[in-house]
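To start, the structure under review is shown below, and the notes come after it.
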Amino acid sequence: MLLEVKDVSAGYGSGPDFLNGVSVAIERGKAYCIIGPNGAGKSTLLKTICGLLRPRGGTIELAGQRIDGLRPDQILTRGVCFVPQDRSLFPDMTVLENLQMGGYTLRDRKQLADRIAAVFAMFPILAERRSQRARTMSGGQQQMLAMGRALLLDPEVILLDEPSVGLAP
């Protein structure tokens, strides 16, 4: 398994657990979807996997190595990217600056430039708008930017929280 969540419990602050004994097994090369009503714990699960919340119980393994309890930056460098529901773009930065910030863990500047070029090839509208401030873009363009920022890290796992929120029908 690429990612294994085993009997995980998690919650916010000193409040009750929103996740109670959740287990998920993710195989490499496959896409998975977690469906449920608002408040069911979908976002809480994703935040726990990427380290924004610490599990109160259970384990999380990436390629057989435990990642539960690691800081979010450590989990990111191991190959798990999280695209939150609100996209978490830097609204006053340009498209290019947002991509550069997303690649802060890449020490090789040429590799970062090559990956940004690959994102621009995948999402040509972003290349056209490389100098545009993120806050002035449409919801769909902002979502492309958030996805591109995750993809440029060439992650093992991308966790997408509500990727269609804010998009026009």
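For the stretch 1-80, applying the loop criterion from DSSP together with a ceiling of 13 other beta carbons within 10 Å to the GluC sites (Glu not before Pro) yields Glu27. Summarising the amide proton neighbourhood of Asp161: residues at separation of 5 or more, or on other chains, whose placed amide H is nearer than 5 Å comprise Val83, Gln85. Using only side-chain charges placed at the Cβ, +1 for Lys and Arg and -1 for Asp and Glu, the dipole size of the stretch 1-115 relative to its Cα centre rounds to 180 debye.
Estimated from helical segments only, the mean residue ellipticity of the chain at 222 nm is -9000 deg cm²/dmol, where each DSSP H run of four or more residues counts as -39500 (n - 2.57).
Here's the picture: charge each Lys and Arg Cβ at +1 and each Asp and Glu Cβ at -1 in the stretch 123-168, and of Thr136, Pro124, Pro155 the one pushed furthest to the positive end of that dipole is Thr136.
Identify the trypsin sites (Lys or Arg not before Pro) of the stretch 1-98 meeting these criteria: DSSP loop state and at most 12 other C-beta atoms within 10 Å of the C-beta.
Here the sparse-neighbourhood loop sites are Arg28, Lys30.
On the chain, 53 percent of the accessible area sits on carbon and sulfur atoms, based on a 1.4 Å probe. For the stretch 47-101, the solvent-accessible area with a 1.4 angstrom probe is 48 square angstrom per residue.
Only four residue types carry charge here, +1 at the Cβ of Lys and Arg and -1 at the Cβ of Asp and Glu. Report the dipole size of the stretch 75-132 about the Cα centre in Debye, rounded to the nearest 20. Roughly 220 debye for the stretch 75-132. Of the chymotrypsin sites (Phe, Trp or Tyr not before Pro) found in the stretch 1-48, the ones in coil according to DSSP and having at most 13 other Cβ atoms within 10 Å of their Cβ are Tyr12, Tyr32. Distant-in-sequence amide contacts of Arg133, defined by a placed amide H-H separation under 5 Å and a gap of 5 or more residues or a different chain, comprise nothing. A straight line joining the Cα centroids of the stretch 6-36 and the stretch 57-120 runs 20 Å. The alpha-carbon of Lys110 sits under 17 angstrom from the alpha-carbons of these aspartates and glutamates, leaving out residues fewer than 8 places away in its chain: Glu97, Asp154.
The values are calculated or read from the model by the stated rules, or taken from the named source; none is laboratory data. Every value quoted in this text rests on a predicted model; they were computed, and no experiment measured them. Please note: Cβ atoms are built from the backbone with ideal geometry, for glycine as well, and neighbour counts cover all protein chains shown. Heads up: the accessible areas ignore ligands, DNA and RNA and are worked out on the full protein's heavy atoms, side chains in. Shrake-Rupley method; radii C 1.70, N 1.55, O 1.52, S 1.80 Å.
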